[in-house]
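Here is the structure we will look at, set down as structure tokens.
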Amino acid sequence: MSTNPLISEPVEDFVSRLEAMTDDELFVIMNDLEKASETAKGGAAEEILARIALTESEIERRYPGRLLAPYRDWKQRQPLL
């Protein structure tokens with residue numbers, strides 16, 4: 001199992017945490033997952049992509065009809081990302 005806490009925690013716990021996060025926390029997780037996906041290989045890459053999909057779903061649930069626009073807007077406002 002991976003030592004990356006983003007992919008080592010059980011999926012059910014990950015989803016529960018996503019639901020309880022603030023928007024900024026959710027966007028940070030999405031950003032971290034995107035970065036992790038750039039270097040991941042094999043099963044880790046598949047797990048990261050699955051968690052990206054779950055995170056996207058949570059963003060879309062919070063912002064119906066806006067897809068990932070709130071995340072992209074947030075990302076543009078972050079000078080150090």
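The values are calculated or read from the model by the stated rules, or taken from the named source; none is laboratory data. Being a predicted model, the structure only gives us computed values, none of them experimental. Please note: Cβ atoms are built from the backbone with ideal geometry, for glycine as well, and neighbour counts cover all protein chains shown. Surface areas here come from the heavy atoms of the whole protein model, side chains and all, with no ligands, DNA or RNA. Shrake-Rupley method; radii C 1.70, N 1.55, O 1.52, S 1.80 Å.
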Exposed trypsin sites (Lys or Arg not before Pro) absent: longest stretch of the chain, with sites in DSSP loops and at most 10 other Cβ within 10 Å deemed exposed: 1-40
On full extension of the chain, what length is gained from LYS41 through LEU68, given 0.36 nm per residue of separation minus the C-alpha to C-alpha distance? 7.2 nm
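Pop out the carbon and sulfur fraction of the accessible area of the chain as a percent, whole number, probe 1.4 Å.
On the way: 2780 of 5160 Å².
With neighbouring chains kept in place, the figure for the chain is 54 percent.
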The chain, dipole about Cα centre (Lys/Arg Cβ +1, Asp/Glu Cβ -1), debye to the nearest 20: 300
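The chain: D in µm²/s via Stokes-Einstein (Kirkwood Rh, Cα pairs, 20 °C, 1.002 mPa s)? The partial results should precede the final answer.
Values: Rh = 13.1 Å.
In µm²/s, the coefficient is 164.
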Once Lys and Arg get +1 and Asp and Glu get -1 on their Cβ, which of PRO10, SER37, PRO70 lies farthest toward the positive end of the dipole of the chain? PRO70
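Per DSSP H run of at least 4 residues, take -39500 (n - 2.57); add these up for the chain, divide by its residues and hand me the 222 nm value, nearest 500 deg cm²/dmol. Can you show the working numbers first?
Numbers: 5 runs with 60 residues, N = 81.
Computed mean residue ellipticity for the chain: -23000 deg cm²/dmol.
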